[in-house]
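Heads up: the structure comes next, in structure tokens.
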Amino acid sequence: MTKGASSPPLEDEALLDAVQRATFRYFWDGAHPVSFLARDRLPFAADAQADANENKISIGGSGFGAMALVVGAARGWVGRSEAARRLMTMVSFLERTPSYHGMFPHYLDGRTGATIPMGRKDDGGDLVETALLFQGLLCARRFFDRDDPLETDLRNHVTWLWQDVEWSFHAPHGRKVLLWHWSPNNGFSLNAEIRGWNECLIAYVLAAAAPNPRFAIDPILYHEGFAQSRSFLNRRVWRGHELPLGPDWGGPLFFAHYSFCGLNPHGLSDRYADYFEQNVRHCLVNYAHCVANPGGYAGYGPDCWGLTASDDALHNYAAHAPDNDLGVISPTAALSSFPYLPQEAARALRHFHDDLGAWIFGRYGFADAFSEAHGWRADSYLAIDQGPIVAMIENHRSGLLWRLFMSDPDVRRGLARLDFRFPPQAGA
């Protein structure tokens, strides 16, 4: 384990810029060379060569990748027309891939577009991954708003894909809940109901926002499906913080990130919670647990915190949380929490970069996870963890993606149909 800074110390804003820009390169330099979609993983080692496995595309990761391209264009890291052309290639490729009632699979092959099964019965449409994809594409549709042929074409192609998604198909036979997976070979046999509280709020919002009324869900699915489970309402105190929603101890921190790369939690509420308050308290519980460090893990403290789903030292991959603490810190957990705990996130960023950077910071930002207790660092980056770092740091710095997503008329209609309250100027 080689610790120490990866470069001389930077001023706070310059450090944010450097880390955000390095992580953006995962979706630019590291994109698949044929489809330009986001590879599920890339190796950490600077001299590692791409192999056959790196043709595996993450659909949710590609949604975060679309957001990253918007950020890159807005900040001038790449040209606006370059980013638009890249997105046009991505969208055109998606149009040629197999469609499962408008849904996309969890993984596909970046060369051919063929579905890569996630399991024997998980070989078709994945509603949540599709929602994460469109969260990014709808931001791109709003950002690239100029009256020129390329941007007009991009908006039209995103709209055509968006109009094709049959969200209501995933509530078969009058079910009052959305089902996660559908297989052309096995139908809904996995029977995975999407109930909260978790990362899936964005799926219900977009399902209610569908521009084709035949494909939009009835709001009852949100209220009697997502909001009705033993792990939805909490309202108990954990480490001194009352948690409105979620499982005991809050669960992994990606619950506070994935849906909120586009959804602005400021002023967003419904009959169940104020969502900014929910996410702040979730982060506080996670932070307080790492500071208390009941497991006595090396390295934990006020400048080293953040538990979420990521690679793991002993189990390949795990949903790390206070009640499943395996001594593994995931940089995305703290860094994607900048909008909620800016001081605590900044302290973690400084420590990760200045003190541990030589060990965990590489060509595409921070490695997926590390454990000082085990003397271990993940040997790869992961799209669904790198993406929220770019998006949520940008929302902290400028609110760009929140403004874009919340200004979309379809999104606003979906939120209203589910009886959400949000500021009239949200997205202005």
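The values are calculated or read from the model by the stated rules, or taken from the named source; none is laboratory data. Because the structure is a prediction, the values reported are computed rather than measured. Backbone-built Cβ (ideal geometry, glycine too); neighbour counts: all protein chains shown. Note: areas computed on protein heavy atoms with side chains; ligands, DNA, RNA excluded. Shrake-Rupley method; radii C 1.70, N 1.55, O 1.52, S 1.80 Å.
Observations, loosely collected:
- Approximating the spin labels as points 7 Å out from Cα along Cα→Cβ, the ARG413-to-MET118 distance works out to 2.9 nm.
- Averaged over residues, the count of other Cβ atoms within 10 Å places the peptides 174-186, 104-116 in the sequence 104-116, 174-186, highest first.
- Per residue solvent-accessible surface (Å²) - region 284-378, probe of 1.4 Å: 30 Å²
- Calculated on alpha-carbon atoms, Rg and Dmax of region 283-348 in Å: 10.9, 31
- Cα shape, region 241-282, gyration tensor, a/c 1.5 rule: oblate
- Share of carbon and sulfur in the accessible heavy-atom surface of the chain [1.4 Å probe, %]: 49 percent
- Segment LYS176-ALA292, length gained on full extension (0.36 nm per residue, minus Cα span): 37.6 nm
- Pairwise inverse Cα distances across region 325-381, averaged and inverted, put the Kirkwood hydrodynamic radius at 11.6 Å.
- Prolate/oblate/rounded call for region 127-283, Cα gyration tensor, a/c under 1.5 rounded: oblate
- Rg(Cα)/(2.2 N^0.38 Å) for the chain, N = residue count: 0.92
- Computed 3J(HN,Hα) for region 234-241, one whole-Hz value per residue from the Karplus formula 6.51 cos²θ - 1.76 cosθ + 1.60 where θ = phi - 60°, is 10, 6, 10, 9, 10, 6, x, 10, glycine and proline marked x.
- Convex hull volume of the C-alpha atoms in region 1-144, normalised per residue: 140 Å³.
- Percent of Cα-Cα distances greater than 14 Å, calculated over region 111-192: 69 percent
- Across region 163-179, coupling constants 3J(HN,Hα) worked out from phi with the 6.51/-1.76/1.60 Karplus curve, θ = phi - 60°, read 5, 7, 6, 8, 4, 5, 4, 7, 10, x, 6, x, 4, 9, 6, 7, 9 Hz, and Gly and Pro carry x.
- Max mean-square fluctuation residue, GNM over the chain, Cα-Cα springs under 10 Å, options TYR275, TYR317, TYR100: TYR317
- Inter-label distance, nm, simple model (7 Å from Cα along the C-beta direction), ASP12/THR159: 4.3 nm
- Cα pair count fraction exceeding 13 Å, expressed as % - region 50-120: 69 percent
- Cα pair count fraction exceeding 21 Å, expressed as % - region 196-342: 44 percent
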